[in-house]
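Each value in this text was obtained by applying a stated rule to the coordinates, not by laboratory testing. Note that the structure is a prediction, hence the values are computed from the model and not measured. Don't worry about glycine lacking a Cβ; one is built from the backbone with ideal geometry, like all the others, and counts go over all protein chains shown.
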Amino acid sequence: MRYRFLVPMFIVAVLVLTGVLGCVQKQEMVLVVGTSADFPPFEYKDPQTGEIVGFDIELIKLIAKKIGYDKVEIKDMDFDSLIPALDAGQIDVAIAGITITDKRKQQVDFSIPYWSADQAVVIRKGSGITINDVKDLYGLNIGVQSGTTGAIYVEEHVGENATIKEYPTYIEALQALITGQIDAIVVDTPVAQRFTQQYDVEIAHVFETGEQYGIAVKKGNTDLLNKINDALQQIMNSEDWNKLIEKYFGSSSS
Ligand code: GLN
């Protein structure tokens, strides 16, 4: 009787199908995120656990969740490696307090802006350096992080008139300042403010550069960019945004 086999065959078919579907379902959607974890409070290593945390990290996790990703994988690298890593497809997005500039817009695509910053000159407390103008930087040893808008600002406005030292990370530049190897560092204002709260340093001057931060994706990855923009806009209009600001900046203004 041929029909005797129908029921077992049906059961086998169902088992195979659920097995296949089960495997498909188990495949996690992972968003691979590049950052440079030396830029508190946006991204930094938790001193206790070593885990990469910060405003940007939580923001990208909220965005990923809204888009439908199961998980976010964070890859830490030097700031000037982020754009090449996007280009090479090693990361899907880069978030690291990245200023949207015309030059970078030729290399990657940016989300809508989510934060603003200027450039601050940070000095050791009590070092007696007065800065009112770029010319006051002349003759100093100035530390910056390679490839940043701070580095570009100093190169363009001070150039040969000072000794500019480039560091792979802002933490190394800060260490050099604290230990007296250099006189000043030029860094984004929100990060400079955080440094003054944690170390014996102060802000000597602010150059108003009017920068805006964006999340970067590989040039032409419009599908992901649109999703990021939608999610980012929704988050910025929600209570989550104020909570995030409160947590990392201790107030609800940007
Ligand atoms: N906002 C600055 C830039 O884009 C610095 C960013 C950083 O050092 N993480 O160059």
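Quick notes on this structure:
- DSSP bridge pairs, the chain: antiparallel proportion in percent, nearest 5: 60 percent
- The modelled label-to-label distance for the pair Lys105/Asp87, using points 7 Å beyond Cα in the direction of Cβ, is 1.9 nm.
- Proxy reagent accessibility, fewest Cβ within 10 Å first, across Phe55, Phe207, Phe249: Phe249, Phe207, Phe55
- Calculated P(r) tail over 25 Å for the range 123-241, as whole % of Cα pairs: 35 percent
- Members of Lys103/Lys125; Lys125/Lys218; Lys45/Lys243; Lys61/Lys105; Lys165/Lys243; Lys165/Lys247 lying beyond 30 Å, as alpha-carbon distances in this model show: Lys103/Lys125; Lys125/Lys218; Lys165/Lys243; Lys165/Lys247
- Note on the chain: Cα-only Rg and Dmax are 23.6, 100 Å.
- Within a Gaussian network of the chain (alpha carbon springs, distance under 10 Å), most fluctuating of Val32, Val134, Val121: Val134
- Amide H contacts under 5 Å for Ala204, placed H, 5+ residues apart: Val121, Val122, Ile123
- Normalised contact order of the chain, rounded percent, pairs of Cα under 8 Å and 6 or more residues apart: 25 percent
- Among Asp136, Asp38, Asp118, residue whose mean-square fluctuation peaks in a GNM of the chain (springs only between Cα atoms under 10 Å): Asp136
- Maximal additional length on extending the Thr49-Glu156 stretch stands at 34.6 nm, based on 0.36 nm per residue less the C-alpha distance.
- 3J(HN,Hα) along the range 127-143, derived from phi through the Karplus expression 6.51 cos²θ - 1.76 cosθ + 1.60 where θ = phi - 60°, amounts to 7, x, 8, 10, 10, 10, 8, 4, 4, 5, 7, 4, x, 8, 9, 10, x Hz, with x in place of Gly and Pro.
- A cut-off of 5 Å between modelled amide H atoms, ignoring neighbours fewer than 5 places along the same chain, links Glu73 with Leu31, Val32, Val33.
- GNM flexibility winner over the chain from Thr169, Thr130, Thr148 (Cα, springs under 10 Å): Thr130
- Beyond 11 Å, the tail of the calculated P(r) for the range 136-181 holds 62 percent of the Cα pairs.
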